[in-house]
Amino acid sequence: MTESPPDRLSNDPRSPHYDAQALERGIGIRFKGVERRDVEEYCISEGWIRVAAGKALDRRGQPLTIKLKGDVDAWFRLPGAD
C-alpha cells in the first residue's frame with residue numbers, strides 16, 4: 001500500500017471504489033480548507049466529495065447524498081504496515 005490515499009474512495013461496500021484496507025487506516029479529508037468527517041465518497045482529481053443530505057434515505061435505506069465541488073485533500077490517519 002502506498003503512502004498516499006487512492007484518488008477516489010467510497011465507504012459503500014457495493015461501490016467499485018470501495019477499498020477496505022484504505023478505510024481501516026483511516027482517511028482524513030480536507031475540503032475547501034476545512035476538515036470534514038461526514039464524507040461518504042471523494043475524488044481528488046475531479047475535485048468533489050459526496051456527503052449525506054440530512055436524514056433522508058432512498059428506497060433501499062441508504063442515505064441520500066449530494067455532490068459538493070471544490071479543492072479536496074486526503075491523507076491517511078494511521079501509518080501503513082511495513
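What follows draws every value from the coordinates through simple rules; no lab data is involved. Small disclaimer: the values here were computed from a predicted structure and weren't measured. Backbone-built Cβ (ideal geometry, glycine too); neighbour counts: all protein chains shown.
Remarks
- Qualifying positions in segment 15-39 - under 10 Å from the mean Cα position of the chain (by Cα) and crowded, with 17+ Cβ neighbours inside 10 Å: I27, I29, V39
- Some residue of segment 60-69 being surrounded by 11 or more Cβ atoms within 10 Å (Cβ to Cβ), touching an Asp or Glu at 6+ places or on another chain (Cβ under 6 Å), among the hydroxyl-bearing types (S, T, Y) and in a strand (DSSP E or B): yes
- Members of segment 1-22 that are within 20 Å of P63 (Cα to Cα) and in a loop (DSSP other than H, G, I, E, B): N11, D12, P13, R14, S15, P16, H17, D19
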